[in-house]
Amino acid sequence: MHGSLHVIIVQNHIKVNPKYSQEFEKAFSGTNEHLSSMKGFVKNEILKPVKGDSYIVLTYWEDMDSFNAWTHSEAFRQAHSRKHPDDMFIGKSELTIHEVVK
């Protein structure tokens, strides 16, 4: 990644009703268009469960300030404004944030 940066990884653990797996993957793979213009954004990845029941959406940021700016931006509101079927998600998602140890 970027040498001396303290990279922050945000993990959103999301339980998805299996009948909506493809729709979820398509919707979240498109999030990158909103993220790519954000200062401090490094990359994102979507991890599909092989064993277990949660997708994990990872976003990598140069620092916490960049992530916080994203969560308060118009681009964030647009990325999260999509309407999904009521039964697409199973329970609440869980957000965890970690710093990469160098």
Residues that are over 22 Å from residue 81 (Cα atoms) and not in a loop (DSSP other than H, G, I, E, B), drawn from region 30-46: 42
Subset tally (residues that are farther than 22 Å from residue 16 by Cβ and either in contact with an Asp or Glu (Cβ under 9 Å, 6 or more places away or on another chain) or at pLDDT 95 or above (or both)) for region 31-48: 4
Per-region count, region 49-102, residues out of contact with any strand residue (DSSP E or B) (no Cβ under 7 Å at 6 or more places or on another chain), in a loop (DSSP other than H, G, I, E, B), modelled with pLDDT under 90 and surrounded by 10 or more Cβ atoms within 10 Å (Cβ to Cβ): 5
Residues of region 15-48 classified as more than 15 Å from the chain's Cα centre (by Cα) and more than 18 Å from residue 75 (Cα to Cα), total: 7
Matching residues in region 9-25 - criterion: being over 14 Å from residue 57 (Cβ atoms) and touching a residue at least 40 places away in the same chain (Cβ under 8 Å): 17, 20, 23
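The values are calculated or read from the model by the stated rules, or taken from the named source; none is laboratory data. Everything numeric here is computed off the predicted structure, so don't read it as measured data. Don't worry about glycine lacking a Cβ; one is built from the backbone with ideal geometry, like all the others, and counts go over all protein chains shown.
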